[in-house]
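I have placed the structure first, in the form of structure tokens, so that the comments after it can refer back to it.
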Amino acid sequence: MKKIALTLIVLMMGCTMMAQNPIIRDQFSADPTARVFNGRVYVYPSHDILPPDDYDRKDWFCMADYHVFSSDNLTDWTDHGMIVTQNKVPWVRPNSYSMWAPDCVYRNGKYYFYFPSAPKAGGGFAVGVAIADKPEGPFVPEPEPIKGINGIDPCVLQASDGNAYIFWGNGRCAKLKENMKELADDNPRETVRWGNREMEMVGVSCLQGLPNRQAEGPFAFEYNGNYYLTYPYVREKTEVLGYAMSKNPMGPYEYKGLIMEEQPNGCWTNHHSIINFKGQWYLFYHHNYYSPNDDKRRSACIEKLFFNEDGTIQLVKQTLRGVGVSNAFKEIQIDRYSAISDQGAGIEYLDTLNRFEGWKTVMNGKNAFVEYNQVDFANGAREVVCRAKSKGGANVSIFADGTKIASVKVKAGAAFGDFSGKVKNAAGVKDLKVVLDKGDVEIDYVKFKK
Ligand code: FUB
């Protein structure tokens, strides 16, 4: 009975997870569009799934619905559950599994959730809107998609000129009407050739003349009098994140360079968004950490992003640590390290048959280490617990900001167990370092006690 009540509470409130990179730990979460509403960060990702039996394209993107997640510290994330599903949108072809990269913006008291999918009528992609009173829904989809948009990956920019502009696909852009559901009547129109077909397109192509091979996933924003059009495109073989700047929302835009290089492991796509939260800029992007052999199942990540004085953007490097201050009294996944020794330390999946179980840090060799920055010990910790195992037994030292605060002995054994040590002098926010003094060890996580 108690269990049922608890499950119901979790379903009503959403379930919370604590995370570094990737930030969502129990499902795939691609194309993360982050927005700040009411002092919280909301992430609206695509929801990659493994292709079910009724979907033939086993090696292709497969998405049936959307969830929304939120956090007030970029570390603890609440899953508010499913907000829109392919089978309840009147214009979407059911079982098309094409609920690709979305966006959500607030205007005039409502939240407008924009999403691409495969329409029942005609081919290709259309973009629809679902509307809610709250960022987590419930969202009510409009019966028809937006007329004039054939494409994927919508992004809405609310410019300081008072207008809202929608960008989509490979960098097309048009003004929206005040109702946020239709393209404005005064948009430019141009005739574009698609193979041997000529089509009239609404709006303008903002990436004209810029590096734009296989460009998609535009994310546009305004900062300090500049408009930024950021987008993934293929520089050589896979996608990089690039950006261009303009003084006008609809361009012309001037290419400025890269925000992120290709994915180090060959994952073909990247897709991102940029927000300012509590005075710091962040880049949300994706990687296929939970599915290293399948780059169509991806997971959202975050890094800090910095501007130069002239408004250009500094290159962002991918990390496992990600962002946010970690609570010392919750599980600290040190495999999401901020630094690691050149020798004797590495990370492995806990269970390759269920990668959502996460990773472990594997160390052998004296002085092998991992560092994990920004751990909040609050008023102080008295004990540390290492969830660990060791073939032959191990001694581990733990440091905070360079000072040794604990020693832990891990007894030899085949299964993970909890091994603890007394803690001295750990309070406030400190950088953690876990060093192997002797033996061999696998650590799932460390956690402190008051
Ligand atoms: O997630 C499906 C597609 O992959 C997105 O719409 C693109 O931007 C790429 O990330």
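Mind pulling the angle between the C-alpha long axis of helix 2-13 and the longest principal axis of the chain? Nearest 10 degrees, somewhere in 0 to 90.
The answer is roughly 40 degrees.
What distance in nm separates the simple spin-label points at PHE306 and GLU200, each placed 7 Å from Cα in the Cβ direction?
The two pseudo-label positions are separated by 5.1 nm.
Skip the ligands, DNA and RNA, and give the accessible area per residue of segment 208-327 with a 1.4 Å probe, whole Å².
Values: 4730 Å² over 120 residues.
Accessible surface, normalised per residue, equals 39 Å².
Using a 10 Å cut-off on Cβ atoms, rank the peptides 107-115, 414-422, 140-148 from the highest mean neighbour count down. Intermediate results must be reported in sequence, preceding the final value.
Values: 107-115: 18.7, 414-422: 13.6, 140-148: 16.4.
Put in order of decreasing packing, that is 107-115, 140-148, 414-422.
If I ignore ligands, DNA and RNA and count only protein heavy atoms, how much of TYR290 is accessible to a 1.4 Å probe, in Å² to the nearest 10?
Approximately 10 Å² of TYR290 is accessible to the 1.4 Å probe.
Take the residue pairs LYS175/LYS256; LYS304/LYS447; LYS360/LYS430; LYS296/LYS433 and return only those whose Cα atoms are more than 29 Å apart. Display every interim value, and only then the final one.
Working: LYS175/LYS256 24 Å; LYS304/LYS447 25 Å; LYS360/LYS430 22 Å; LYS296/LYS433 35 Å.
Long pairs (Cα-Cα over 29 Å): LYS296/LYS433.
Would you rank THR230, THR191 by solvent-accessible area, highest first, keeping every protein chain in place and using a 1.4 Å probe? Before the final figure, lay out the partial values.
Details: THR230 0, THR191 95 Å².
Solvent-accessible surface, decreasing: THR191, THR230.
Over segment 95-179, give the accessible area per residue in Å² for a 1.4 Å probe, as an integer.
35 Å²
Given a cut-off of under 8 Å on Cα pairs at least six residues apart, what relative contact order in percent is computed for the chain?
On the way: 1225 pairs, mean separation 50.7, N = 450.
Computed over the chain, the figure is 11 percent.
Report the gain in length on full extension from TRP91 to GLU144: 0.36 nm times residue separation, minus Cα-Cα distance, nm rounded to one decimal.
Full extension of this stretch gives 18.5 nm more.
If you put +1 on each Lys and Arg Cβ and -1 on each Asp and Glu Cβ, how big is the dipole of segment 259-333 around its Cα centre, in Debye rounded to 20?
320 debye
Let me know the charge dipole size of the chain about its Cα centre in debye, to the nearest 20, where only the beta-carbon of Lys, Arg (+1) and Asp, Glu (-1) is charged.
Details: 53 positive and 53 negative charges, 300 e Å.
For this selection, approximately 1440 debye.
Within segment 171-300, what whole-number % of the accessible surface is contributed by carbon and sulfur, with the 1.4 Å probe and all protein chains included in the calculation?
Answer for segment 171-300: carbon and sulfur cover 45 percent of the accessible area.
From the P(r) of segment 53-159, could you give the percentage of C-alpha pairs in the tail past 23 Å?
Beyond 23 Å sits 28 percent of the P(r) for segment 53-159.
Counting only other residues whose beta carbon sits under 15 Å from that of THR75, what net charge do I get with K and R as +1, D and E as -1?
Values: positive: ARG25, ARG40, LYS278, LYS304, ARG321, LYS330, ARG336, LYS447; negative: ASP72, ASP76, ASP79, GLU303, GLU331, ASP376.
Local net charge: +2.
Would you mind telling me the share, in percent, of accessible area of segment 329-388 contributed by carbon and sulfur at probe 1.4 angstrom?
Details: 1110 of 2950 Å².
Answer for segment 329-388: carbon and sulfur cover 38 percent of the accessible area.
Could you pull the accessible area for GLU303 with a 1.4 Å probe, rounded to 10 Å²?
Result for GLU303: roughly 10 Å² accessible.
Keeping all protein chains in position, work out how much accessible area LEU350 exposes to a 1.4 Å probe, and write it in Å² to the nearest 10.
The value for LEU350 is about 50 Å².
Whole Å is fine, so just give me how far the alpha carbon centre of segment 95-151 lies from that of segment 176-255.
Each part reduced to its Cα centre gives a spacing of 19 Å.
Applying the Karplus parametrisation 6.51 cos²θ - 1.76 cosθ + 1.60 with θ = phi - 60° to the phi angles of segment 95-107, what ³J(HN,Hα) value in whole Hz is obtained for each residue in order, glycine and proline being reported as x?
6, 8, 6, 10, 7, 7, 3, x, 8, 8, 9, 9, 7
What are the extents of the Cα atoms of segment 273-429 along their three principal axes, listed from largest to smallest and rounded to whole Å?
Ordered largest first, segment 273-429 gives principal extents of 54, 41, 27 Å.
Please label the shape of the chain as rounded, prolate or oblate, based on the square roots a ≥ b ≥ c of the eigenvalues of the alpha-carbon gyration tensor (a/c under 1.5 means rounded; beyond that, a/b larger than b/c means prolate, else oblate). Show your work: numbers first, answer last.
Values: a/c = 2.06, a/b = 1.84, b/c = 1.12.
In terms of gyration-tensor shape, prolate.
Select from GLY417, PRO211, PRO116 the residue farthest towards the positive end of the dipole of the chain; place +1 on Cβ of Lys and Arg, -1 on Cβ of Asp and Glu, and compute about the Cα centre.
The residue sitting farthest along the positive end of the dipole is GLY417.
Residue farthest toward the positive end of the dipole of the chain, with Cβ of Lys/Arg at +1 and Asp/Glu at -1: which of GLY128, THR319, GLY195?
The residue sitting farthest along the positive end of the dipole is THR319.
How much mean residue ellipticity at 222 nm does the chain get from its helices, if each DSSP H run of length 4 or more adds -39500 (n - 2.57) and you divide by all residues, to the nearest 500 deg cm²/dmol?
Working: 1 runs with 12 residues, N = 450.
Calculated from helices alone, the mean residue ellipticity at 222 nm is -1000 deg cm²/dmol.
Can you put LYS330, LYS449, LYS278, LYS438 in order of accessible area, largest first, using a 1.4 Å probe? Intermediate results must be reported in sequence, preceding the final value.
Working: LYS330 80, LYS449 100, LYS278 155, LYS438 130 Å².
Of LYS330, LYS449, LYS278, LYS438, the descending order of accessible area is LYS278, LYS438, LYS449, LYS330.
The values are calculated or read from the model by the stated rules, or taken from the named source; none is laboratory data. For clarity, every value in this text was computed on a predicted model and none was experimentally measured. Quick reminder, even Gly has a Cβ in these numbers, built from the backbone with ideal geometry, and neighbours come from all protein chains shown. When the accessible area is computed, the model is the full protein with side chains, heavy atoms only, and any ligands, DNA or RNA have been set aside. Shrake-Rupley method; radii C 1.70, N 1.55, O 1.52, S 1.80 Å.
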